[in-house]
Amino acid sequence: MSKINDRVGAIQSANADEVRFFGYGKYVGTKIPCRGFLQEAQIPNPCIVLDNGKKVYGFECWWGDAEKIKKMIGDRTVIEVSPDDQ
C-alpha cells in the first residue's frame, strides 16, 4: 500500500503489446474526485497528482509503486494518455 507522497505510476489500460499510460506522479491520499460517479456520490478515492500537474483517481486506473509499474510495463509500447480524455 502506498503512503502519501510516494512516487507512483498510473496505467489506464494494457494488453500484450501496449500500455495506455497516464504517467508518473505522487500519491496524495484520498480525495473527492473532480469527475465521475464518485464525485456525484461524494466518495473519497485515491488521488495521484501526475508530474504534469493533472489528477487521476484510483477508480480510473491501475496504480502503484513507480518501480513496480515500470517493471509491469516492461518492453511494451507506451501510449501516453490524459485524464482529460476520459
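Would it be correct to say that ASN5 is surrounded by fewer than 15 Cβ atoms within 10 Å (Cβ to Cβ), closer than 21 Å to ARG76 by Cβ and either modelled with pLDDT of 95 or more or not β-branched (Val, Ile, Thr) (or both)?
In short, no.
With respect to GLY64, is the statement that it is in contact (Cβ under 8 Å) with a residue 60 or more places away in the chain and surrounded by 14 or more Cβ atoms within 10 Å (Cβ to Cβ) true? It would help to see each step written out before you state the result.
On the way: in contact (Cβ under 8 Å) with a residue 60 or more places away in the chain: yes; surrounded by 14 or more Cβ atoms within 10 Å (Cβ to Cβ): yes.
Yes; evaluated as a whole, the condition is true for this residue.
Looking at this structure, is ILE48 closer than 18 Å to LYS3 by Cα and among the β-branched types (Val, Ile, Thr)?
When the stated conditions are applied, ILE48 passes them.
Could you grab the pairs with beta carbons closer than 7 Å, sequence gap of 6+ or different chains, first residue in the stretch 10-23 and at positive phi, second one among the aliphatic types (A, V, I, L, M)?
GLY23/ALA10; GLY23/LEU50
Considering each of VAL49, VAL8, VAL78, VAL28 in turn, give the residue that is over 13 Å from the mean Cα position of the chain (by Cα) and part of a strand (DSSP E or B).
Going through VAL49, VAL8, VAL78, VAL28 in turn, just one is over 13 Å from the mean Cα position of the chain (by Cα) and part of a strand (DSSP E or B): VAL78.
The values are calculated or read from the model by the stated rules, or taken from the named source; none is laboratory data. Keep in mind that what you see is a predicted model, and the values were worked out from it rather than measured. So basically every Cβ, Gly included, is an ideal-geometry build from the backbone, and we count neighbours across all protein chains shown.
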